[in-house]
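Worksheet for the structure shown next.
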Amino acid sequence: MQKLFYPKKNMFKNPLIKNMCEYRDLVDEFDKDYEGTWAKFANEKIDWFKPYDQILDESNAPFYKWFTGGQMNVAHQCVDRHLETKKNKAAIIFEGDNGDQRILTYRELAYEVNKTANMFKNNFGVKKGDRVVIYMPMIPESAIVMLACAKIGAIHSVVFGGFSAEALRDRIIDAEAKLVVTADGAYRKGKPYMLKPVVDIALSSGCECVQNVCVVERNGENIEWIAGRDYSYNELIKEQSSKCQTEPMDSEDPLFLLYTSGSTGKPKGVQHSSAGYILWAQMTMEWVFDIQDNDTFWCTADVGWITGHTYIVYGPLAAGATTVMFEGVPTFPDAGRCWKMVEEYQINQFYTAPTAIRLLHKMGADEPTKYDLSSLRILGTVGEPIDPPAWKWYYEVVGNSNCSIVDTYWQTETGGHVISPLPVATPIKPACATFALPGIIAEVIESDGTPTEIGEKGLMCITKPWPAMIRTIWNNDERFIKSYFGDCKKEGKAIYFSGDGAMIDEDGYITITGRTDDVINVSGHRMGTAEVESAIKKHDNVASVAVVGKPHEIKGEGIFAYVVLKSVPTTQKDQTAEEFALAKEINAMIKTEIGAIALCDGMIFVSDLPKTRSGKVMRRILRSIAKGEKITQDISTLENPNIVKSIEKIFNS
Ligand code: PRX
């Protein structure tokens, strides 16, 4: 039997859910009156401008609507409503790459948000429902700009700063953005890097929808200014009033779009609502992170991902907490940077990805012991399965065997955590997401709804709608239905399928076993194999390609490509040199089309790909080869069975 780790209850003073009995009571409450219990929390947590008429509208499933008829505003929920009790409390603590610091109190944040919102309205004509693309580094202005959009009802779409001009352009066009907010650049590892030039390239074709670019001057490097289009945020902000009227938003008005990878080449604009999203962001902050008034919370994600949205900006601020934003990287100037910051800011909850944990473990296993980390109560992980050695180091060395580890399972589409330990209640099994949170009806089933046997792999589904769930894919309702409600049914009704596999053990603990579709999880970031393949196919000499995940010591999964060339080098000597050059060119292509996060960790050149008689590439076989597994499946039915041996030979050479 697996060892259980019990929470050190003396570390926690005033938790909301104190033990498993209270957890089960809450689960029962939802079981007895699902909608009524959600309504209870919505009434308690949200500062409504106008009460809602209906809790859940299922009339147009799976386009579920929550709290219809109600009005509120997310910026008010996160900032303005706190001014009465917390105006001088730190809302955002910022630490720059080079160690510069900035603290914004709730009052200062409110003023900055208002000024920015006024700028968007007055200088750029942004109105409710307009889309604003945010391509920013990790500086407080990113959060300010997001909240300013919320304040006036504009829909933001944050694009991760590591994405290329092409990727940015696709997202701008799909969202038909009116305004792009960016920075000249920022700092990484002690050096300036640039963002605005990437925006310039993105806007050089096909982005007629964009009227203006607003540039936050962060690193002061030289950039090009296009007259009439580009404006300095730093200049315009000086003229703005710090008072701004809050736009009353319907519960279902979209708060943001966030593009994520799926199993086709084109990323999906996941659309989130206002009330349901913020309710769950706040509730999970309180339940999973046990956020208390004097806590300092640090999530190391980038605001360009959902983790940054929900657990750097919206969740902590809705809960009235102090959130830390860090511009730099965990290994600069050395692998002790995070632990130094934990000591300095007396961080109480530290939330990061297994990739970072593995890297910090590898680069400085003893580093945490050099700092006073006794303020920590909760250590969180997110984005990918955490392996037992990384978990052990995190628990024993970083947490000094005192902290609760919350292995939080969720997705861009779920808005917030869905399966996670509760830090004071749940006895933890290492590297296991444990149980569904109250209100989330998570089931591990076959596609027809039959529950899987204990210890058997099944599909991770959520069988009832929940307030923070994705509402649709921007401009593509059909793809929304197909992607999430097309695969699984329960009692004849289409249910939400996450795309992940999972397993339940004899104690009811849920372990996530990974994606069941063609999505790879690189350093906790989702990457569609089709997306990478379509970038590679743009190379003139590529005839066909298949991309799969390959286990990677630090990243969890790396990207591995099998490439078939149109013209093959003839001699052995030419081949090696040419293939080396081609691999470089192909990676450069990926960098241009998507960004450095999608670079291949490995690539081999093969004469063909294994295919079924109907021409479908057998990725399962390619995945097995990349993992170094023996091919056990029957390959005799393939159109070209001999290719498998040939690929294995090249792979092993
Ligand atoms: O495969 C699951 C994995 O990350 C995917 C979601 O990726 P994304 O939408 O980019 O959001 C990442 C941050 C929430 C999931 O489908 N995943 C996320 N958390 C875990 C996880 N896999 C295992 N354990 C987790 N705790």
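Selection of segment 168-191 for residues being small (Gly, Ala, Ser) and within 21 Å of Glu224 (Cβ to Cβ) yields Ala177, Ala183, Gly185, Ala186. Among the criteria (1) within 16 Å of the ligand (Cβ to nearest atom); (2) among the aliphatic types (A, V, I, L, M); (3) over 24 Å from Ser274 (Cβ atoms), the one Ile445 does not fulfil is (1).
Of all the residues that make up segment 503-523, how many are within 10 Å of the ligand (Cβ to nearest atom), in a loop (DSSP other than H, G, I, E, B) and hydroxyl-bearing (Ser, Thr, Tyr)? Final tally of qualifying residues: 1.
Test Ala543 against the criterion of being closer than 12 Å to Phe605 by Cβ and free of Cβ contacts under 8 Å to residues at least 24 places away in the same chain, and give yes or no. Yes: the conditions hold for Ala543. Candidates are the residues of segment 410-429 that are of a type in the set (S, T, N, Q) and near the ligand (Cβ under 9 Å from one of its atoms); the one that is surrounded by the most Cβ atoms within 10 Å (Cβ to Cβ) is Ser420. The test for being more than 15 Å from the ligand (Cβ to nearest atom) and in a helix (DSSP H, G or I) holds for Glu478. Of the residues contained in segment 48-57, none is found to be charged (D, E, K, R), in contact (Cβ under 8 Å) with a residue 12 or more places away in the chain and in contact with a Lys or Arg (Cβ under 7 Å, 6 or more places away or on another chain). Within segment 391-409, residues that are within 16 Å of the ligand (Cβ to nearest atom) have Cβ atoms under 6 Å from residues that are outside any helix (DSSP H, G or I) and small (Gly, Ala, Ser) in these pairs: Trp391/Ala431; Val406/Gly380; Val406/Ser420; Asp407/Ala433; Thr408/Gly380; Thr408/Ser420; Tyr409/Ala433, counting only partners at least 6 apart in sequence or on another chain.
Evaluation of Met138 against the conditions (1) touching a Lys or Arg at 6+ places or on another chain (Cβ under 7 Å); (2) surrounded by 24 or more Cβ atoms within 10 Å (Cβ to Cβ) shows that the sole unmet condition is (1). For Ile440, the stated conditions hold: it is away from the ligand (no atom under 12 Å from the Cβ), aliphatic (A, V, I, L, M) and either outside any loop (DSSP other than H, G, I, E, B) or under 30 Å from Met285 (Cβ atoms) (or both). Taking Ala227, is it part of a loop (DSSP other than H, G, I, E, B), of a type outside the set (Ser, Thr, Tyr), at negative phi and within 16 Å of the chain's Cα centre (by Cα)? Here the answer is no, as Ala227 does not meet what is asked.
Hey, any hits in segment 452-459 for a residue that's farther than 27 Å from Leu16 by Cα and within 13 Å of the ligand (Cβ to nearest atom)?
Quick first cut of segment 452-459, residues farther than 27 Å from Leu16 by Cα only: 452-459.
Adding the requirement that they be within 13 Å of the ligand (Cβ to nearest atom) leaves 459.
Yes, some residue in segment 452-459 is farther than 27 Å from Leu16 by Cα and within 13 Å of the ligand (Cβ to nearest atom).
For Glu557, the conditions (1) more than 16 Å from the ligand (Cβ to nearest atom); (2) closer than 30 Å to Phe435 by Cα; (3) of a type in the set (D, E, K, R) all hold with the exception of (1).
Just to confirm my filter: which helices (runs of 4 or more DSSP H) fall fully inside segment 553-653 and include at least 3 residues that are among the β-branched types (Val, Ile, Thr) and surrounded by 12 or more Cβ atoms within 10 Å (Cβ to Cβ)? So the answer is 572-593, 642-652.
For every residue, the table says whether it meets (1) buried (at least 21 other Cβ atoms within 10 Å of the Cβ); (2) closer than 25 Å to Thr412 by Cβ; (3) more than 21 Å from the chain's Cα centre (by Cα).
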position: Phe163; (1), (2), (3): yes, yes, no
position: Val181; (1), (2), (3): yes, yes, no
position: Gly185; (1), (2), (3): yes, no, yes
position: Lys189; (1), (2), (3): no, no, yes
position: Tyr193; (1), (2), (3): no, no, yes
position: Lys196; (1), (2), (3): yes, no, yes
position: Ala202; (1), (2), (3): yes, yes, yes
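What is the residue count in segment 485-502 for residues that are within 9 Å of the ligand (Cβ to nearest atom) and not small (Gly, Ala, Ser)? Counting residues in segment 485-502 that are within 9 Å of the ligand (Cβ to nearest atom) and not small (Gly, Ala, Ser) gives 1.
For the subset of segment 206-231 comprising residues that are among the small types (Gly, Ala, Ser) and over 30 Å from Arg102 (Cα atoms), which member is surrounded by the fewest Cβ atoms within 10 Å (Cβ to Cβ)? It comes out as Ala227. Screening the candidates Ile554, Ile504, Ile594 for the property of being out of contact with any helix residue (DSSP H, G or I) (no Cβ under 8 Å at 6 or more places or on another chain), in contact (Cβ under 8 Å) with a residue 60 or more places away in the chain and of a type in the set (Val, Ile, Thr) yields one hit, Ile504. The residues of segment 533-551 that are within 15 Å of the ligand (Cβ to nearest atom) and not small (Gly, Ala, Ser) amount to a single one, Pro551.
Across segment 232-259, the qualifying residues are those that are among the charged types (D, E, K, R) and buried (at least 18 other Cβ atoms within 10 Å of the Cβ), and the one among them that is nearest to Phe63 (Cα to Cα) is Glu252.
Readers should treat all values here as calculations from the given coordinates under stated rules, not as data from a laboratory. The structure presented is a predicted model; accordingly, all values stated were derived computationally and were not measured. Positions of Cβ are backbone-derived with ideal geometry, glycine not excepted, and every protein chain shown enters the neighbour counts.
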